[in-house]
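A.B. asks: Submitted below is the structure of interest, expressed as structure tokens.
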Amino acid sequence: MKFTAAKSDLMNGISIAIRAVPSHTTMNILECILIQARGGDLTLIANDMEMGIETHVKAGVEESGLIAVEAKMFSEIIRRSPEEIIVFESDSNYNIRISSGKAKFSIGGRSGEEFTALPSVEMDDSITLSQFTLKSLIQETIFSISNNENSKVMTGELFEIREDILRVVALDGHRIAIRRVALKEAFDNKKVIVPGKTLQDISRILSGEMDELVKIYFSKNHIVFEIPGTRLVSRLIDGEYYNVDQMISTDYQTKVTVNRSMLMSCADRAALFVREGDKKPIIFDIEDQEMQLSIDSPLGSMSENLDIKKEGHDIVIGFNPRFMLDALKAISDEEVSIYLMNPKAPCFIKNDEETYTYLVLPVNFVR
């Protein structure tokens, strides 16, 4: 095999593929990136058996071939190469020579035939979104997934299609994040649970541009995200997702409308007095048209008053400041509406169209 490629193009392809290289594995071949050179480009493939990525890189191919190369070493060699042009050669014994200007590297490769191919997925059932929309859906919900492997479904997000609406749901037992987006046409109803790691990786690969598209294919056991030049294939999480509709209430006794950035800044200041893992809540004391936020901890205390619009009863309720901050950061509206029932019931932050809904459980406290 022999090819020439631009360092920037090759580095970009490696940075995409390497997301599917496992950090720990007993199968050494999975620590490799498979390189296939033919025609006018390279195909780079990585596969950790749960998620696989295939991406294409422009190259001048002088001799076609297939070889597996240790991903981290390959990535570091290309990253540290002194010149923009990279020359890659390998022989029949899988010895690899990489040249960049006056720098020359020699490493060992492996037969590409040993590499585990990406699973074959039927590419029939699909929807299309802008990369901006999908990236936003993920970023505005992913903080609510759980890292507790004992509840596998909580480590992923529900992607649910109901006719022409895509709903994305994440929950971790303390909060729920829901985002809804309208599709351009109606589809058959569908529910799948997508691993959180897959969503984090595709979010980092997406450009986030409104005029660039991503196609999402669904099958019984896999989901495929396809953007120009790159395809990510992931296993789905087996199991039945929680019925979040039963957890979402439309009843409330207090509705508070407040400037989002002012509330977020105030909660952020209160969080200064909370240690990592501390369950000390921030207290929301809502009375008339004013809301006092306060916290008292071994590190210190603070209080601050905010002007609000209130409908309904006065209420005093406590929340984990980080959970409240995560929800507020995911919202772009100038004002937010918070719906409350009583000090022991969850609050809901949502807009009138319900394109987003965030549920946060309260924290018990003694004053």
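The values are calculated or read from the model by the stated rules, or taken from the named source; none is laboratory data. Predicted model only: the values in this text are computed from it and were never measured. We place every Cβ from the backbone using ideal geometry, glycine too, and count neighbours over all the protein chains shown.
A.B. asks: Give me the pairs: first residue in segment 1-30 and free of Cβ contacts under 8 Å to residues at least 40 places away in the same chain, second residue surrounded by 17 or more Cβ atoms within 10 Å (Cβ to Cβ) and not aromatic (F, W, Y), beta-carbon distance under 7 Å, and six or more apart or on different chains, which are they?
C.D. replies: Pairs that qualify, where the first residue is free of Cβ contacts under 8 Å to residues at least 40 places away in the same chain and the partner is surrounded by 17 or more Cβ atoms within 10 Å (Cβ to Cβ) and not aromatic (F, W, Y), are P22/L30; P22/D48; T25/E31.
A.B. asks: Continuing with the same structure: Identify, by number, the condition in (1) surrounded by 13 or more Cβ atoms within 10 Å (Cβ to Cβ); (2) in contact with a Lys or Arg (Cβ under 7 Å, 6 or more places away or on another chain); (3) among the polar types (S, T, N, Q); (4) modelled with pLDDT under 95 that N189 doesn't meet.
C.D. replies: (1)
A.B. asks: Only one of these conditions is not met by L272: (1) out of contact with any Gly (no Cβ under 9 Å at 6 or more places or on another chain); (2) outside any loop (DSSP other than H, G, I, E, B). Which number is it?
C.D. replies: (1)
A.B. asks: Please determine whether any residue of segment 290-297 is touching a residue at least 12 places away in the same chain (Cβ under 8 Å) and either outside the structural domain of I331 (by TED's automatic domain parsing) or surrounded by fewer than 12 Cβ atoms within 10 Å (Cβ to Cβ) (or both).
C.D. replies: No, the conditions are met nowhere in segment 290-297.
A.B. asks: Just checking, does segment 64-76 include any residue being surrounded by fewer than 17 Cβ atoms within 10 Å (Cβ to Cβ), touching an Asp or Glu at 6+ places or on another chain (Cβ under 9 Å) and not in a strand (DSSP E or B)?
C.D. replies: yes
A.B. asks: How about segment 310-344: which of its residues are free of Cβ contacts under 8 Å to residues at least 60 places away in the same chain and either within 20 Å of I178 (Cα to Cα) or of a type in the set (A, V, I, L, M) (or both)?
C.D. replies: Our first condition is that a residue be free of Cβ contacts under 8 Å to residues at least 60 places away in the same chain; within segment 310-344, this holds for 310-311, 316-319, 321-322, 324, 332, 343-344.
V316, I317, F319, P321, R322, M324, S332 - these are the residues of segment 310-344 that are free of Cβ contacts under 8 Å to residues at least 60 places away in the same chain and either within 20 Å of I178 (Cα to Cα) or of a type in the set (A, V, I, L, M) (or both).
A.B. asks: Determine which single condition N148 fails, assuming it passes every other condition in (1) outside any loop (DSSP other than H, G, I, E, B); (2) surrounded by fewer than 20 Cβ atoms within 10 Å (Cβ to Cβ).
C.D. replies: The failed condition is (1).
A.B. asks: Take the residues in segment 325-345 that are assigned to a helix (DSSP H, G or I) and of a type in the set (A, V, I, L, M, F, W, C); name whichever of them is surrounded by the most Cβ atoms within 10 Å (Cβ to Cβ).
C.D. replies: Within segment 325-345, the match that is surrounded by the most Cβ atoms within 10 Å (Cβ to Cβ) is A327.
A.B. asks: Report whether or not M341 is in the same structural domain as E290 (by TED's automatic domain parsing), more than 17 Å from C266 (Cβ to Cβ) and out of contact with any His (no Cβ under 9 Å at 6 or more places or on another chain). Quick ask: steps written out before the conclusion?
C.D. replies: Working: in the same structural domain as E290 (by TED's automatic domain parsing): yes; more than 17 Å from C266 (Cβ to Cβ): yes; out of contact with any His (no Cβ under 9 Å at 6 or more places or on another chain): yes.
Taking the combined requirement at face value, the residue satisfies it.
A.B. asks: Assuming I86 fulfils every condition listed in (1) in contact with a strand residue (DSSP E or B) (Cβ under 7 Å, 6 or more places away or on another chain); (2) not in a strand (DSSP E or B) apart from one, which condition is it?
C.D. replies: Failed condition: (2).
A.B. asks: I need the full set of residues from segment 31-47 which are at pLDDT 95 or above and surrounded by fewer than 22 Cβ atoms within 10 Å (Cβ to Cβ), in order please.
C.D. replies: So in segment 31-47, the residues at pLDDT 95 or above come out as 31-37, 42-47.
Passing the criteria: E31, Q36, T43.
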